[in-house]
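Enquirer: Encoded as structure tokens, here's the structure I'll be asking about.
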Amino acid sequence: TTLAGSSSGDTDATGTSASFNGPRGITTDGTNLYVTDNYNHRIRKIVISTGVVTTLAGSSSGSTDATGTSASFYNPRGITTDGTNLYVADTRNCRIRKIVISTGVVTTLAGIGCQGSTDHNTGTSASFNKPRGITTDGTNLYVADTYNHRIRKIE
């Protein structure tokens, strides 16, 4: 059965009245699903019990750290959660972004630009090239750094 979405678009609504444009990554905290809406450059939240879809963060392409729809992403793909935060592989910005679920505050955790594969650096001193997949073991993040052909660990 379809929980949410029915056509291409960016509508926040319930069930099939909602729309997405290229959803890629999905994760859950057990109550909600969190989806990277790739071509809408947004992170969407779906309440599992009702199918209500809302935009948690993002509104257009860019790399702005801010709150909710004032933040921006550029083709977010992978997503994971530790239950308190979401971690997003912001692919075309070559960054790993953190979203506080309760507030929608978006910050850049690691990466700047799309050049290189610098290890042993902190935060925006590290570099990625089109990261796509991301997961957590509860302590560390693991990133599929696609164009660098590496699996990276963020401690």
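The values are calculated or read from the model by the stated rules, or taken from the named source; none is laboratory data. Here the structure is a predicted model, which is why all the values come from computation and not from measurement. Using ideal geometry, Cβ is built from the backbone for each residue, glycine included, and neighbour counts are taken over all protein chains shown. Quick note on the areas: whole protein, heavy atoms, side chains included, nothing else; ligands and nucleic acids left out. Shrake-Rupley method; radii C 1.70, N 1.55, O 1.52, S 1.80 Å.
Enquirer: Could you calculate, for the chain, the ratio of the Cα radius of gyration to the Kirkwood radius, expressed as Rg to Rh?
Expert: Ratio of gyration radius to Kirkwood radius: 0.97.
Enquirer: Per residue Cα convex hull volume for region 51-102, in cubic angstrom?
Expert: 85 Å³
Enquirer: On to the next question. Please report, as a whole percent, how much of the solvent-accessible surface of the chain comes from carbon and sulfur atoms (probe radius 1.4 Å). It would help to have the intermediate numbers written out before the result.
Expert: Values: 3320 of 7160 Å².
That fraction is 46 percent.
Enquirer: Return the Rg/Rh ratio of region 29-68 with Cα-based radii and a Kirkwood Rh.
Expert: Reported Rg/Rh (Cα atoms, Kirkwood Rh): 1.01.
Enquirer: Here is a further query. Rounded to whole Hz and in sequence order, give me ³J(HN,Hα) for region 2-18 from the Karplus expression 6.51 cos²θ - 1.76 cosθ + 1.60, θ = phi - 60°, writing x for Gly and Pro.
Expert: 8, 7, 7, x, 8, 7, 6, x, 9, 7, 7, 6, 10, x, 6, 7, 7
Enquirer: If you place +1 on the Cβ of every Lys and Arg and -1 on the Cβ of every Asp and Glu, how big does the dipole about the Cα centre of the chain come out, in debye to the nearest 20?
Expert: Approximately 320 debye in magnitude.
Enquirer: Let me ask you something else. Can you list residues whose amide H is under 5 Å from Val105's amide H, if they're 5+ apart or on another chain and H is modeled 1.01 Å from N?
Expert: Gly68, Val100
Enquirer: Same structure again: Pull up the DSSP beta bridges for region 1-147 and report the antiparallel fraction as a percent, rounded to 5.
Expert: Working: 35 of 37 bridges.
Antiparallel bridges: around 95 percent, rounded to the nearest 5.
Enquirer: Could you give the accessible area per residue of region 71-142, probe 1.4 Å, as a whole number in Å²?
Expert: 40 Å²
Enquirer: Rounded to whole Hz and in sequence order, give me ³J(HN,Hα) for region 31-47 from the Karplus expression 6.51 cos²θ - 1.76 cosθ + 1.60, θ = phi - 60°, writing x for Gly and Pro.
Expert: Result, ordered by residue: 10, 10, 9, 10, 10, 7, 9, 3, 7, 8, 6, 9, 10, 10, 10, 10, 6 Hz.
Enquirer: If the elastic network links every pair of Cα atoms under 10 Å, which of Ile26, Ile43, Ile79 fluctuates the most in the Gaussian network model of the chain?
Expert: Maximum fluctuation in the GNM of the chain, among the listed residues, is at Ile26.
Enquirer: Quick one: ranking Cys94, Cys114 by accessible area, 1.4 Å probe, largest first, what do you get?
Expert: Cys114, Cys94
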